[in-house]
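One structure below.
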Amino acid sequence: MPTVEELQDRIAELEEIIGLTADFPIIVQLRERRGLMRLEARMLGLLIARPFVPYGCAYDALYGDRAELPKFDTLRTVVKRLRPYLAEIGVEISTVYGEGYFIDKQAKKKLLECWPELKRAA
């Protein structure tokens, strides 16, 4: 049977795979210099690491570890607060109404050109 430490390591590994680690250079910079909050950073990590982020996936990833879940509408608030940060660098979060969010390939390419360290997530 795995130890608690082994399970925590595996959780961290899986979070990195799906983009929930907020250690991409742009996210660190936005958090340190502009006050980007943890949930916004995690959402940006999802958007960078995945071609499309369905609402349910984002909600589960951001709030699944909580005992009491917030209303589903809070996800829109996270994206709404994230958009101005990305607008500063010319990147837009697109919405497929009723389905989810994505950053288009050109905008993601722009991020990758500005921050080559992100290429591992593309």
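All of the numbers you see were taken from the coordinates with simple rules; none came from a lab. It should be emphasised that the depicted structure is a prediction, and the values quoted were computed from it without experimental measurement. A quick note on method: Cβ atoms are made from the backbone with ideal geometry, for glycine too, and the neighbour counts reach across all protein chains shown.
Table for the structure above
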{"item": "Cβ crowding within 10 Å averaged over residues, with 75-87, 56-68, 37-49 ranked highest first", "result": "37-49, 75-87, 56-68"}
{"item": "Chain lengthening between LYS105 and LEU69 when straightened (0.36 nm per residue, less Cα-Cα)", "result": "9.8 nm"}
{"item": "5 angstrom amide H check on GLY100, placed H, neighbours 5+ away", "result": "TYR55"}
{"item": "Extension gain, GLU88 back to ARG76 (0.36 nm per residue minus Cα-Cα distance, nm)", "result": "2.4 nm"}
{"item": "Within straight-line cross-link reach of LYS105, aspartates and glutamates at Cα separation under 13 Å, skipping those fewer than 8 residues along the same chain", "result": "GLU92, GLU113"}
